[in-house]
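Since the structure comes first, as structure tokens, the remarks are kept for the end.
The values are calculated or read from the model by the stated rules, or taken from the named source; none is laboratory data. Quantities reported herein were computed from a predicted structural model and do not represent experimental measurements. As a convention, Cβ positions derive from the backbone with ideal geometry for all residues, glycine included, and neighbour counts pool all protein chains shown. All accessible areas refer to the heavy atoms of the entire protein, side chains included, with ligands and DNA or RNA removed. Shrake-Rupley method; radii C 1.70, N 1.55, O 1.52, S 1.80 Å.
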Amino acid sequence: MDSGADGKAGERPVRLRNVLGYGIGDIYGGGAFLIVGMFFMFFLTEVVGMSPALAGIMFGVGKIWDGVSDPLMGYLSDRTKAKAGRRRVYFLAGIAPIAVTFALLWVPLGTDSQALLFAYYLAAYILLDAALTMVMTPYSALPAEMSSDFKTRNRLSTSRLVFSGFSSLLAAIVPKMIIDAFPGDPGRGHLAMGIAFGVFFALPWVVVYASTWENKASGVREAEENIWKSFFTIFRNRSFRIHFLMYVLAYTAMDVLMALFTYYLTYYLKMPKLYSLFMGTLMIVQLSMMPVYLAIANGRGKGLAYGIGLAVWATGMTLTLAIGEASPAWAVAAVCGVIGAGTSAGVLIPYAILPFVIDVDELITGEQRSGVYAGAMTLLRKLVQGALALPAIGIMLGGIGFVPGADQSASTLSKFFAFFVGVPVALIVAGIAVSTRFRITPKTHAVLKAEMGRLLAGGSPAAVEPEARRVCELLSGVPYESCVLASRAVPDRGGDATSGR
């Protein structure tokens, strides 16, 4: 796979080993978020004895730090000057913090003090988020640095999502196996899991560093605004605003589903020993469906692929109404398979959209701001999980009278099930509605790319074709004349008037 011929003159060819080497980095992003989302709330309430409401508040408080750290990291990575590269230097710096902070999250303190539990796990959670921010923000920005070619960027993003899906599959099954290997001592089991996965998440970054590079930018200038102005101006981009809602709605629904799945099997279905079968089915189907949604996205548009997937997901959630404690295992597994077939699009499409949204921003600003957008996505991902989903779950469990480790009343189980099904379905329906307004398709993106290429090659803004003007304004949400590439001369970056990249 040699993609260099499709990019700018002088760019290094991106070969198969580079595509795979880049993709392996999201073993950390995909796996860490899933393990925290699925097991950490359960660990806090069932193993260390923190009250559900206090655990939920802890996640919300931790997001205050993220409100500063993620935009800051995106801003810093755009301006870092290091021999190892402004993005890649953080991959090496993050190896030890990744391993240590993930392990610290699962240390059982052995105290009944709610204040001490809150303080320790809040600190551990903030440190974990800091490590995630340090590597995942520059990592998300790297495809735009490695190649200017549209297809090559797609390959890099697809490789990332495949490794993320593989890691999510392992993270859904293996942690429970490690924890269950310590019967009678779940605290020790969680710590062993944390240490093992901390090392597993850290080591691939050596490969990522060795397999990637950063081409020198030319033509499009780097962002010059201060950090907060730079961050908030991304919301001028109409395509990003819609993308933002699609992302938040899908991932909030996902986090509610995953965080409550263990409770659902343990207390509602009373089938905790079949966790690996049910979650394994969900994740295997989710991973296997990714090529299907990518084909739909590449042929008909990412908005359509997202909408189809979420409709399947809603169907699967609705089918849970037909299963219960007396249902056979195969029926529960089948419903999990339908849910997995739908969640595949919810997980995949928001990240596949990002490079195209950044292209629209480049038209608007004339700047290469992939770091700012990557920082925003990292922040949004953690806000969805830590400031929305997990706090809401903790407050909900406390509010319905949930008692950790005890048999729950019929009223508590009924309210739990209503939340487990109702909240994700409501979010999914909203996501489908929003996705109908997402206008980046293969056709409109080709028009956008051609117009950007014409302007970058020195074409006159006054000579814009009506269709190109319409598409630029439709995707950006601002008048054509207000787009920087159309209002000032931009040096030629070496492309031709049709490629635009």
Got a number for the accessible area of W65? Probe 1.4 Å, square angstrom, nearest 10. 110 Å²
Carbon and sulfur %, accessible surface of the chain computed with the full protein complex present, 1.4 Å: 67 percent
Taking a threshold of 25 Å on the Cα-Cα distance, which of the pairs K302/K415; K81/K449; K81/K151; K151/K443; K83/K151 fall above it? K302/K415; K81/K449; K81/K151; K83/K151
Order the following by accessible area, largest value first: D180, D407, D78. Probe radius 1.4 Å; ligands, DNA and RNA are ignored. D407, D180, D78
Can you give me the accessible area per residue for the chain, using a 1.4 Å probe, in Å²? 36 Å²
What's the ranking of 273-285, 463-475, 364-376 by average number of surrounding C-beta atoms within 10 Å, highest first? 364-376, 273-285, 463-475
With angles folded into 0 to 90 degrees, how steeply does helix 390-399 sit against the dominant principal axis of the chain? Use alpha carbons for both and round to 10. 30 degrees
Can you give the net charge of the other residues whose Cβ lies under 11 Å from the Cβ of Y267, counting K and R as +1 and D and E as -1? -2
Distance in Å, no decimals, from the C-alpha centre of the stretch 25-53 to the one of the stretch 162-196 is 11 Å
Sites L116 and E467, calculated FRET efficiency, Cβ-Cβ separation with R0 45 Å, nearest 0.05: 0.10
For the chain, with only Lys/Arg (+1) and Asp/Glu (-1) charged at the beta-carbon, what is the dipole magnitude about the Cα centre, in debye rounded to 20? 820 debye
Using alpha carbons only, how many degrees (0 to 90, rounded to 10) separate the axis of helix 329-365 from the longest principal axis of the chain? 30 degrees
Sorted by packing (mean other beta-carbon atoms within 10 Å per residue), highest first, where do 316-324, 42-50 land? 42-50, 316-324
Return the calculated 222 nm mean residue ellipticity for the chain, to the nearest 500 deg cm²/dmol, obtained by summing -39500 (n - 2.57) across DSSP H runs with n ≥ 4 and dividing by the residue count. -23000 deg cm²/dmol
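Could you estimate the translational diffusion coefficient of the stretch 306-425 from the Stokes-Einstein equation, with Rh from the Kirkwood formula over C-alpha pairs, at 4 °C and 1.567 mPa s, in whole µm²/s?
The Stokes-Einstein estimate is 75 µm²/s.
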Does anyone have the angle between helix 275-300 and the longest principal axis of the chain? Alpha-carbon axes, 0 to 90°, nearest 10? 20 degrees
When all Cα-Cα pair distances of the chain are considered, the percent exceeding 46 Å is 12 percent
Order 333-345, 435-447 from most to least packed using the mean count of other Cβ atoms within 10 Å. 333-345, 435-447
